[in-house]
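Below is one structure; the comments refer to it alone.
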Amino acid sequence: MTPRLSRRSRIVAAITGAVVVYLAAAGGAVAFGAAATGKPAAAAPQPRPVASAPTASAPTPTPTPVPRVVPDDPAPAAPVRTCSVEWAATDGRLANFQGRVVNADTGEVLFDRGGETPSRTASVLKVLTGAAALSVLGPDYRLETKVVRGAGTGTVVLVGGGDPTLSRTPSGDSTAYEGAPHLDDLADQVRDAWESDPDTAGTAIERVVVDASYFSGDAWDPSWNRKELFDGYMPEITALMVDGDRDDPYANVSARSEDPLGRAGDAFAAELGASAVEIGTAPEGAQVLGIVESQPVSTLIRQALIVSDNTLAEALARVTAIQAGAGSSFGDLQEGITSGLQAYGIDTSQLTIADGSGLSGNNAVPPSYLTSLFRKVRAGDGDLRVLYDGLPVSGEFGSLGYSDRFAGDNARADGAVHAKTGWIDDGYTLAGIIDAADGTPLTFAIYALGDVSDDAKQAIDTLATAFYDCGDNLSNY
């Protein structure tokens, strides 16, 4: 008897049989298809050979890692500044207003209205003149006036070296220029040298020649209003003069003459008892009979800035241009001053320098240059601390200590604004450093240009006081 299969065995047998029948049918179908088409049946796929392992495998190269791109730390969000001074900046008394304010510590521009546009600066230009003089001459440089033996019998030559402070007043007197040298001292030296020389001892000095050839070109810039001479603000610019050619040697503002060389020559001849004065030049290599020197440049700069002395500024500008190798005339000041300023690393390409005092309307300096320069003044770069020490201070001294400056409500900024004032017929300016109420140091420049009147000064002071109030919260809107 056939053994009975278990149920599971019967199922397995059935499945196996079905697979056999299917495969047989499939093979037949393939054979039939090949016969019907006349094409040989495709060969059954063969298994791919497996490559044998190499006997000495090469090292697998290490893939170069792709650096992970890490984003930079996001810049900190700029503070939202909310202190607006627009109400003061739009004061009609400012006429054509330009200005800029910078955080002196960070260099960030906080406020700007036409700050990159070069414009006339008035007497604020004296800051540039002083900075160039410090760079080229140095703070200890002194301007000389000397006397040499002349070519003729009984002749001496008074040779100007650009010092306008030389005084005809008696030694010991304090003139408009504190510490100035005096003609009587120079005359004493000349007499002593004259009498100690056997060839001239016992003979009289009869003639004084005045030599102002150290400066060249015009003595008066064509762009200046001639009334400035008679009003007492500007002399003709010569290398030899006494007391800034003032009628009154003791006054800052005093009418000037139209012959500064004659005034100086006459005063020196009177000291020596000479009877004749003429203009000429000293013989080359002539014996020096006496020398007097000005105060150092550092002192002259302070004197020029505090009361805005045009005469000193022009003398310093001219001597700076000469010592810089640019030349000795007004036309040489552009090269001479800008070459001196290059030492401070601020672009000078936008500067136009027509004179040393700022009286000319042809000068042009952008407010941005001043705010950059005053950052260096505040930091004391080089010898620039001299300029800071010479700046007028609001409500305290200099041209910002007058009764009409930082008065009334603006007096709250007294002592906080160290700045140079400026005034010409068509412009008022102020530029310098503000120690703001919140402790932030600011550098600033304000130009009020065009149809302006004297009350522009009060509008400027009000705006500067607003800068003082805002400090680092100053908004540009």
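The values are calculated or read from the model by the stated rules, or taken from the named source; none is laboratory data. Predicted, not measured: the structure shown is a model, and the values here were computed from it. Backbone-built Cβ (ideal geometry, glycine too); neighbour counts: all protein chains shown.
Data for the structure
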{"read-out": "Single unsatisfied condition, Gln189 versus (1) among the polar types (S, T, N, Q); (2) under 38 Å from the mean Cα position of the chain (by Cα); (3) assigned to a helix (DSSP H, G or I)", "value": "(2)"}
{"read-out": "Selection from region 216-228 of residues that are under 16 Å from Asp245 (Cα atoms), assigned to a loop (DSSP other than H, G, I, E, B) and either among the hydroxyl-bearing types (Ser, Thr, Tyr) or touching a residue at least 12 places away in the same chain (Cβ under 8 Å) (or both)", "value": "Ala219, Trp220"}
{"read-out": "Per-region count, region 166-185, residues under 19 Å from Ala270 (Cβ atoms) and in a loop (DSSP other than H, G, I, E, B)", "value": "10"}
{"read-out": "Flag if Ala416 is of a type in the set (Gly, Ala, Ser), in the same structural domain as Asp309 (by TED's automatic domain parsing) and under 14 Å from Gly99 (Cα atoms)", "value": "no"}
{"read-out": "In region 432-447, the residues that are surrounded by fewer than 24 Cβ atoms within 10 Å (Cβ to Cβ), out of contact with any Phe, Trp or Tyr (no Cβ under 6 Å at 6 or more places or on another chain) and β-branched (Val, Ile, Thr)", "value": "Thr440"}
{"read-out": "Failed criterion for Ser453 (all others in (1) in a helix (DSSP H, G or I); (2) touching a helix residue (DSSP H, G or I) at 6+ places or on another chain (Cβ under 8 Å); (3) more than 15 Å from Val307 (Cα to Cα); (4) polar (S, T, N, Q) hold)", "value": "(1)"}
{"read-out": "Residue check for Gly280: among the small types (Gly, Ala, Ser) and either more than 21 Å from Gly150 (Cα to Cα) or in contact (Cβ under 8 Å) with a residue 60 or more places away in the chain (or both)", "value": "yes"}
{"read-out": "Selection within region 135-176 - under 15 Å from Pro260 (Cβ atoms), touching a helix residue (DSSP H, G or I) at 6+ places or on another chain (Cβ under 6 Å) and buried (at least 23 other Cβ atoms within 10 Å of the Cβ)", "value": "Leu158, Gly162, Pro164, Ser167"}
{"read-out": "Residues located in region 180-202, provided they are surrounded by fewer than 19 Cβ atoms within 10 Å (Cβ to Cβ) and within 17 Å of Gly161 (Cα to Cα)", "value": "Asp185"}
{"read-out": "Members of region 225-246 found to be of a type in the set (Lys, Arg) and under 23 Å from Leu158 (Cβ atoms), listed by number", "value": "Arg246"}
